[in-house]
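Heads up: the structure comes next, in structure tokens.
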Amino acid sequence: MDSPPCIDTVVLQPTPFCNIACRYCYLPSRSDTSTMSLDTVRAVFAAVFASGWSHPWLTVIWHAGEPLVMPVAYYEEAFSLIASLCPPGIEVRHAIQTNGMLIDAAWCALFRRWEVGVGVSIDGPREIHDANRVTRQGRGTYDKTVAGIRCLIDKGIPFHVISVLSAQGLQAPDEMLAFYREVGITDVCFNVEESEGDHVSELFSEGNAEARFRAFLSTFWRKSRESAGIRFLREIDGMLTRILRPDEAAGENSQVQPFGMINVDCHGNVSSFSPELLGLKNADYGDFIVGNIHTDSLQAMRQSDAMRAMHRDIAAGVAACKAECAYFAVCGGGSPINKLTENGSFATTRTSFCDLVQKVPTDLILEALDRLETVLDDDMLVRSAS
């Protein structure tokens, strides 16, 4: 860890509490109603900005639990506080990932005022969404989530959705596409249900998850381009820049860099690498906590035993990925949380998560480019012959 970090993302958990109980949720403390104080927010950004390690474009993600159970006024104060601490030359962009059920005109006004990036979690049409995204009483959340999305649309607030693909969703690309178009959703991201924390996805025990996702994504991509409606598909459009970048441009993976991202829970405990590690338990890595923002400097956290142990093993895994994986240039070493959960160690390589989110989209894009090149070559032959 000789070179200084470059912090491009700060993930804050304003509360671990969530107002619903998704059946695939891995978060262990989703009934904890603790909240992050503004003093903690101040301490985080005072330290980040004073360190000199901040990227010129810093993304602040409010995540984990349901962030909108905190009041609008909290974010107004927090955003204003961060802006007051931000030095010249650094641009801060806020983003919130929400289940959408609490979105109303007041939230939309906040999102507009601060240009907040909004992500809404919705898994598709009612029968697919309500299979897993349920209240604490086991009732479906579809109606309230769609109402929140319609409020965003009515108020002209840009947003994207993240849909978790469980077995039912993977079988329904046409139904998913029709749903997005009907509701007016234009920007789509897919998360294949994965094993994280104490949640074990049934997809992988059933087998052929990679083939099923490939079939789903291929069909969805092709049909979404045949007519208007879908403007952005993360699994394709987000991957293109990584596949088509110049050879000299290094791929970035902040999840494998110490303090590439900083993750802070509501008590000020700090972790790094994959944000999903925060709140999980592991004796070998000090429960993934490198320090507390109220008592420890970032420099001390960077040199902590937990940080060194995690970085040692994560770096070993990245080196092994680079040596053996043809997709390394795209992903830059994979996701530490998935290596640990699936393989039992950071110091490992390929995971099922890699196969799904890196390999499948990359292969589909490269195959499409090969077909395009063949068509162009054939067209040039025809032109030259005539």
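The values are calculated or read from the model by the stated rules, or taken from the named source; none is laboratory data. Being a predicted model, the structure only gives us computed values, none of them experimental. Backbone-built Cβ (ideal geometry, glycine too); neighbour counts: all protein chains shown.
In the set (1) out of contact with any strand residue (DSSP E or B) (no Cβ under 9 Å at 6 or more places or on another chain); (2) at pLDDT 95 or above; (3) surrounded by fewer than 18 Cβ atoms within 10 Å (Cβ to Cβ); (4) not aliphatic (A, V, I, L, M), Ser297 fails one condition alone, (1). In the stretch 188-212, the qualifying residues are those that are crowded, with 18+ Cβ neighbours inside 10 Å and at pLDDT 95 or above, and the one that is farthest from Pro28 (Cα to Cα) is Val188. Restricting to the stretch 26-58, what's the tally of residues that are without any contact (Cβ under 8 Å) to a residue 60 or more places away in the chain, touching a Pro at 6+ places or on another chain (Cβ under 8 Å) and surrounded by 19 or more Cβ atoms within 10 Å (Cβ to Cβ)? Total meeting the criteria: 1. So, in the stretch 301-347, how many residues would count as being closer than 23 Å to Ala211 by Cα and among the polar types (S, T, N, Q)? So the count comes out to 4. In this structure, Met70 does not satisfy being over 18 Å from the mean Cα position of the chain (by Cα) and within 21 Å of Val161 (Cβ to Cβ). Identification of helices (runs of 4 or more DSSP H) wholly contained in the stretch 46-145 with 3 or more residues that are closer than 23 Å to Gly156 by Cβ and modelled with pLDDT of 95 or more yields 72-85, 105-114.
Filtered by the rule that a residue be buried (at least 20 other Cβ atoms within 10 Å of the Cβ), modelled with pLDDT of 95 or more and not hydrophobic (A, V, I, L, M, F, W, C), the stretch 273-294 gives Tyr285, Gly291. Looking at the stretch 289-374, the helices (runs of 4 or more DSSP H) lying wholly inside it that each contain 1 or more residues that are under 19 Å from Asn263 (Cα atoms) sit at 298-302, 305-324. Residue under question is Gly124, and the condition is that it be surrounded by 14 or more Cβ atoms within 10 Å (Cβ to Cβ) and either under 22 Å from the mean Cα position of the chain (by Cα) or acidic (Asp, Glu) (or both); does it hold? Considered against the rule, which asks whether it is surrounded by 14 or more Cβ atoms within 10 Å (Cβ to Cβ) and either under 22 Å from the mean Cα position of the chain (by Cα) or acidic (Asp, Glu) (or both), Gly124 comes out as yes. Looking at the structure I just gave you, is Asp174 of a type in the set (D, E, K, R), at pLDDT 95 or above, surrounded by fewer than 20 Cβ atoms within 10 Å (Cβ to Cβ) and within 19 Å of the chain's Cα centre (by Cα)? Judged against the criteria, Asp174 is not a match. Whether a residue is at pLDDT 95 or above, more than 20 Å from the chain's Cα centre (by Cα), over 15 Å from Cys22 (Cβ atoms) and not in a helix (DSSP H, G or I) was assessed, and Gly156 passes this test. Val92 meets each of the listed conditions (1) in contact with a His (Cβ under 8 Å, 6 or more places away or on another chain); (2) farther than 27 Å from Glu175 by Cα; (3) of a type outside the set (Gly, Ala, Ser) apart from (1). Inspect the stretch 263-275 for any residue being touching an Asp or Glu at 6+ places or on another chain (Cβ under 9 Å), in a helix (DSSP H, G or I), within 30 Å of Met176 (Cβ to Cβ) and not polar (S, T, N, Q) and give the result as yes or no. So far as the stretch 263-275 goes, no, none of its residues is touching an Asp or Glu at 6+ places or on another chain (Cβ under 9 Å), in a helix (DSSP H, G or I), within 30 Å of Met176 (Cβ to Cβ) and not polar (S, T, N, Q).
Would you check if Asp265 is closer than 30 Å to Lys281 by Cα and modelled with pLDDT under 85? No: the conditions fail for Asp265. Scanning the stretch 145-171 for residues that are under 23 Å from Val192 (Cα atoms) and surrounded by fewer than 19 Cβ atoms within 10 Å (Cβ to Cβ) turns up His160, Ile162, Ala167, Gln168, Gln171. Among the criteria (1) over 20 Å from Val161 (Cβ atoms); (2) among the polar types (S, T, N, Q); (3) modelled with pLDDT of 95 or more; (4) under 21 Å from the mean Cα position of the chain (by Cα), the one Thr40 does not fulfil is (4).
I'm checking my understanding of the structure. Among residues of the stretch 313-372 that are among the acidic types (Asp, Glu), within 28 Å of Phe220 (Cα to Cα) and more than 19 Å from the chain's Cα centre (by Cα), which one is modelled with the lowest pLDDT? Per the stated criteria, the residue is Asp370. Going by the structure shown, is Gly229 in a loop (DSSP other than H, G, I, E, B), more than 30 Å from Leu38 (Cβ to Cβ) and in contact (Cβ under 8 Å) with a residue 40 or more places away in the chain? Yes; evaluated as a whole, the condition is true for this residue. State yes or no: is Met176 farther than 27 Å from Ser218 by Cα and touching a helix residue (DSSP H, G or I) at 6+ places or on another chain (Cβ under 7 Å)? No, not satisfied.
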